[in-house]
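Heads up: the structure comes next, in structure tokens.
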Amino acid sequence: MAEKKVYNAKEVALIFGTEPITGLVEDSCVTVERESDTVVDHIGADGDVSQTIKNDRRATVMFNLKQDSRGNDIFDTHINLMETTGKLSYAPLTIRDGATGSLVFAEEAWVSKPAGQSYGAEQGSREWTIRCSNLSISTKGL
């Protein structure tokens with residue numbers, strides 16, 4: 001009988017540069033979305049349909065970290081570097097699902113803005129937005 005694969009959030013690795021990012025908020029997901037469709041269709045006046053393959057591999061990656069996550073320091077350092085030097089601070093971004101083998105990778109990723117801040121009676125979260133210029137996605141199933 002074939003081995004049954006089981007999803008486990010602990011097997012999802014988020015790495016920015018060489019730094020593993022931990023402290024994702026419970027029940028919060030990492031969202032990866034390409035900027036454009038890969039294939040766009042066009043219809044002519046006579047009903048003829050054609051397709052165009054777009055080469056836009058830009059993407060947005062969003063996730064929430066616990067307020068005390070060390071990842072906040074890592075992303076804040078990149079934002080501060082860009083704001084003080086006026087130069088972009090890139091790092092590779094990798095998201096790997098060890099259970100399925102799914103892999104998301106971008107050689108050049110950057111933090112697009114500082115995380116919003118909120119304070120209350122309990123620990124909050126920080127939502128980070130990472131932009132990528134050429135994201136590759138390999139999706140596998142369980």
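Kindly identify region 72-121 as rounded, prolate or oblate by the Cα gyration tensor criterion: order the square roots of the eigenvalues as a ≥ b ≥ c, call it rounded if a/c is under 1.5, otherwise compare a/b with b/c, prolate if a/b is larger, else oblate. Cα axes put region 72-121 in the oblate bin. Of the two radii for region 45-142, the radius of gyration is 1.12 times the Kirkwood radius, both from the alpha carbons; that is the Rg over Rh value.
The Kirkwood hydrodynamic radius of region 9-99, based on inverse pair distances between different Cα atoms, is 16.1 Å. For the residues 103, 81, 24, a GNM of the chain with alpha-carbon springs under 10 Å puts the largest fluctuation on 81.
Within the same chain, lysines fewer than 8 places from residue 87 are excluded, and of the rest, those with a Cα less than 25 Å from its Cα are 113.
Computed per residue of the chain from DSSP H runs no shorter than four, each worth -39500 (n - 2.57), the mean residue ellipticity at 222 nm is -3500 deg cm²/dmol. Here the contact order of region 53-105, divided by its residue count and restricted to Cα pairs under 8 Å and six or more residues apart, works out to 16 percent. Note on the chain: with a GNM built from Cα contacts shorter than 10 Å, the maximum mean-square fluctuation among 89, 28, 102 falls on 28.
Relative to the longest principal axis of the C-alpha atoms of the chain, give the angle of the C-alpha long axis of helix 70-85, reported between 0 and 90° and rounded to the nearest 10°. Compared with the principal axis, the helix lies near 80 degrees. Candidate cross-link partners of residue 5 among the lysines, defined by an alpha-carbon separation under 21 Å and a same-chain spacing of 8 or more, comprise 140. Can you list the chymotrypsin sites (Phe, Trp or Tyr not before Pro) in region 70-131 that are in a DSSP coil and have 12 or fewer other beta carbons within 10 angstrom? Loop-located and lightly packed - 119.
No lab work stands behind these numbers, since they all come straight from the coordinates. Everything numeric here is computed off the predicted structure, so don't read it as measured data. Here Cβ is always computed from backbone atoms with ideal geometry, including for glycine, and neighbour counts include all displayed protein chains.
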